[in-house]
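Participant: The structure follows.
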Amino acid sequence: MNHKDILTQSLSIIEDRHQDYGDASSSFTRAATIAGTILGKNISAYDVSVVMMAVKLARIANQRTHQDSWIDLAAYVGFAGQFAETKLPDAAKATQLQVVLSDLDDQIATSVRNSMKK
């Protein structure tokens, strides 16, 4: 299978899924809402597509000749590119900032504890 075959099949599958499940943007947004609720975090359609890319790459690492994984990966890359242009809501930005600040606080606390042990 060459690159054109992979991309052509990926597009065909995207069109089939559109018929079965509706607009991809709505589907990915719905998945983001569900995952965000489960995890207690703000997750975007872009995040969902990146996670799906990671799943496909993990499968490819295990079986790189399985063509379906390459076909699906091409679709998720396309969706990630599309959703990357979607602006994050302010609440999501605030949550991301809180996560970064929390991680920074943890790193500082660990550094202080380690320096006190010396």
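The values are calculated or read from the model by the stated rules, or taken from the named source; none is laboratory data. No experiment lies behind these values; they were computed from the predicted model shown. All Cβ positions, even for glycine, are placed from backbone atoms using ideal geometry, and neighbour counts span all protein chains on display.
Condition check ((1) assigned by TED's automatic domain parsing to the domain that holds Gln98; (2) at pLDDT 95 or above; (3) over 27 Å from Gln98 (Cα atoms)) across all residues:
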position: Arg17; (1), (2), (3): no, no, yes
position: Gly22; (1), (2), (3): no, no, yes
position: Gly36; (1), (2), (3): no, no, no
position: Ser44; (1), (2), (3): no, no, no
position: Ser49; (1), (2), (3): no, yes, no
position: Met52; (1), (2), (3): no, yes, no
position: Leu57; (1), (2), (3): no, yes, yes
position: Ala61; (1), (2), (3): no, yes, yes
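Participant: Being at pLDDT 85 or above and of a type in the set (A, V, I, L, M), is that true of even one residue in the stretch 95-107?
Facilitator: Keep residues of the stretch 95-107 that are at pLDDT 85 or above, which gives none.
No, the stretch 95-107 contains no residue that is at pLDDT 85 or above and of a type in the set (A, V, I, L, M).
Participant: Another one. Answer with yes or no whether Ala80 is touching a Ser or Thr at 6+ places or on another chain (Cβ under 8 Å), surrounded by 12 or more Cβ atoms within 10 Å (Cβ to Cβ), modelled with pLDDT under 85 and part of a helix (DSSP H, G or I). Can you show your working first?
Facilitator: Working: touching a Ser or Thr at 6+ places or on another chain (Cβ under 8 Å): yes; surrounded by 12 or more Cβ atoms within 10 Å (Cβ to Cβ): yes; modelled with pLDDT under 85: no; part of a helix (DSSP H, G or I): yes.
Criteria not met by Ala80.
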